[in-house]
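Working notes, beginning with the structure itself.
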Amino acid sequence: MTEPLFSEDEEFDRPRLAAHGPVRVRVPAKINLHLHVGPARPDGFHELTTVYHAIGLYDEITARRGDTLTLTMEGDGAGELSLDEDNLIIRAARALAAETGHEPHARLHLKKQIPIAAGLAGGSADAAAALVACDQLWGTGMSRDDLAAIAATLGSDIPFLVLGGTALGTGRGELVSPVLTGGHAWHWVLAVADEGLSTPTVYKTFDELGAQTNAGPPDGLLAALRQRDPEVLAGELTNDLQAAALHLRPELRGVLDAGLDAGALAGLVSGSGPTCVFLAEDARHAALIAAELEARDCCRAVRTAVGPVPGARVL
Ligand code: C5P
């Protein structure tokens, strides 16, 4: 018997009846505190060692009973995002139905606040939320490990969004194990760019630039998380995709500089970008940095967020 990946969770691991009323699920965005990218594998994916961190910036999915599978949305990206069969939410619902033998019938509604194509895993978060919402709506009684296994077939960082918190990710990012950080809250400021970046393009650029890696094993970062000192953590944040994101969007360098000028302890590109994320000492400091970035008008939106927070959860 292997140990379950996720801690036992009463809410999740007991058999449940199908829900009759609407099911609301909230899911956070993620940033990568450490992202080491290895060379491309034969399947085209890159071997990763990453430390994921879920932050309090949320999308919400409501699932209701229906005769077919439908998806509607409001918020960031409405009118731009395809709501068809290629949407990860629809694919997640269908994957869960196929796995459990349930009819894939639900009326799903997405309330989107996580910016799209921002390097914050918004699309992956929505897929994780859809799995949790449909599991509850249909009463399929899946464990979180079961949902994570389905999540891994849909995208590299979706299992992490089922889990949340802070976690080590390996493989192509789909193998996750929780990192215990002792409940300390870290304060972040996000500078969201006007236009998204395509994740495959950023990885391709990473390869073209010679696959240079700076991030080794995340030992220093994990020690800094345990130390709970933002000044120490600041020195350990690292992202191998940053050079590729800056190559594609040189103006992000100005955004990073603006955050540091505003007093951030550290700044880096989030995941494949183009969102830039800054570490603050505390909530007050984060608000000051955010105000300064807003005043400089160097990006589309500025947000503050605390991490770590739990993954996709029924409200
Ligand atoms: O798994 P996911 O669908 O999120 O990946 C999106 C794209 O990002 C992949 O098609 C691939 O181009 C790139 N990627 C990668 N190596 C990873 C994760 C993603 O090259 N470990």
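The values are calculated or read from the model by the stated rules, or taken from the named source; none is laboratory data. Predicted, not measured: the structure shown is a model, and the values here were computed from it. Glycine also receives a Cβ, built like all others from the backbone with ideal geometry; neighbour counts cover every protein chain displayed. Just so you know, the surface numbers come from the protein's heavy atoms only, side chains and all, with ligands and any DNA or RNA stripped out. Shrake-Rupley method; radii C 1.70, N 1.55, O 1.52, S 1.80 Å.
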Inset, instruction - Quickly work out the residue 74-to-residue 18 label distance, labels modelled 7 Å from Cα along the C-beta direction, and quote it in nm with one decimal. - result: 2.7 nm
Legend entry - Per residue, in Å², the accessible surface of the chain once ligands and nucleic acids are set aside, probe 1.4 Å: 43 Å²
Inset, instruction - Go through 171-177, 43-49 and give me the packing order, highest mean Cβ count within 10 Å leading. - result: 171-177, 43-49
Legend entry - Within region 31-53, backbone nitrogen closer than 15 Å to the virtual label 7 Å beyond the Cα of residue 91 toward Cβ: 45
Legend entry - Dimensionless Rg over Rh [region 169-248; C-alpha; Kirkwood]: 1.00
Inset, instruction - Would you work out the relative contact order for region 265-313, in percent, from Cα pairs under 8 angstrom that are 6 or more residues apart? - result: 22 percent
Legend entry - Pairs of Cα atoms farther than 38 Å apart, the chain, %: 11 percent
Legend entry - Relative contact order of the chain, defined on C-alpha pairs under 8 angstrom at six or more residues apart (%): 25 percent
Legend entry - Under the Karplus curve 6.51 cos²θ - 1.76 cosθ + 1.60, θ = phi - 60°, whole-Hz ³J(HN,Hα) for region 146-154, x wherever Gly or Pro sits: 4, 5, 5, 5, 5, 4, 5, 6, 9
Inset, instruction - Compute the signed sum of charges (Lys and Arg +1, Asp and Glu -1) over the other residues within less than 15 Å, Cβ to Cβ, of residue 223. - result: -2
Legend entry - Amide H within-cut-off set for residue 71, under 5 Å, with H built and near neighbours excluded: 108
Inset, instruction - Pull out a ≥ b ≥ c, the square roots of the eigenvalues of the alpha-carbon gyration tensor of region 199-298, then state rounded if a/c is under 1.5, prolate if not and a/b is larger than b/c, and oblate in the remaining case. - result: oblate
Inset, instruction - Quick one: check the C-alpha center-to-center distance for region 57-129 versus region 209-277, whole angstrom. - result: 30 Å
Legend entry - the chain: calculated mean residue ellipticity at 222 nm from DSSP helix runs of at least 4, using -39500 (n - 2.57): -9500 deg cm²/dmol
